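For reference, the structure is listed below as structure tokens.
The values are calculated or read from the model by the stated rules, or taken from the named source; none is laboratory data. Since this is a predicted model, take the numbers as computed values, not measurements. With ideal geometry, Cβ positions are generated from the backbone for all residues, glycine too; neighbour counts draw on all protein chains shown. Heavy atoms of the whole protein, side chains included, go into the accessibility calculation; ligands, DNA and RNA do not. Shrake-Rupley method; radii C 1.70, N 1.55, O 1.52, S 1.80 Å.
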Amino acid sequence: MWKKIGLTAVITVAAIVVLSNLGPLLLLAAGVALAYIVYRQFQESTSTAARVFWVIVGIAAILLALTNIYAVIALLGLYAIYWSVKKWNGDEVDIDRRTRTKDPFTGFEEEWKKLKRR
């Protein structure tokens with residue numbers, strides 16, 4: 001019961017953090033998307049004037065993304081919500097990528113433990 005109350009508190013606080021930083025999060029996404037589009041246009045351009053234009057627009061897009069660095073707090077809040085919901089459902093939060101694969105050579109320690117149990 002206390003675990004559920006704690007997870008509810010974590011989800012509530014994380015949701016408040018995400019909602020309070022929603023503006024910077026959207027502007028960060030817009031800046032990153034704009035920077036990607038500018039990068040693709042820069043690669044396709046052939047003239048020097050077009051490349052200079054795309055570099056200037058790209059710098060503006062990167063500055064737009066960097067000024068909204070507070071959105072990282074919102075991303076951490078989203079991760080906290082994800083983690084809390086996984087714990088609420090009883091799923092294990094697996095951060096170690098070696099345990100996700102079925103290849104016995106990537107998770108040697110676990111395979112060794114299985115062999116020793118037999």
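Things worth noting here:
- Net length gained if the chain between Ala9 and Ile56 were fully extended (0.36 nm per residue, minus Cα distance): 12.4 nm
- Accessible surface computed residue by residue for the chain, with neighbouring protein chains in place and a 1.4 Å probe, gives 78 Å² per residue.
- Three-way shape label, the chain, alpha-carbon gyration tensor, a/c 1.5: oblate
- Set of region 69-90 residues, backbone N closer than 17 Å to the point 7 Å along the Cα-Cβ line of Ala30: 69-72
- The apolar share of the surface of region 1-90, taken as the fraction of accessible area on carbon and sulfur atoms (1.4 Å probe, ligands and nucleic acids excluded), comes to 77 percent.
- Relative contact order [Cα under 8 Å, 6+ residues apart], the chain, whole percent: 35 percent
- Here the label points at Gln41 and Leu64, each 7 Å from Cα along the C-beta direction, are separated by 1.0 nm in the simple model.
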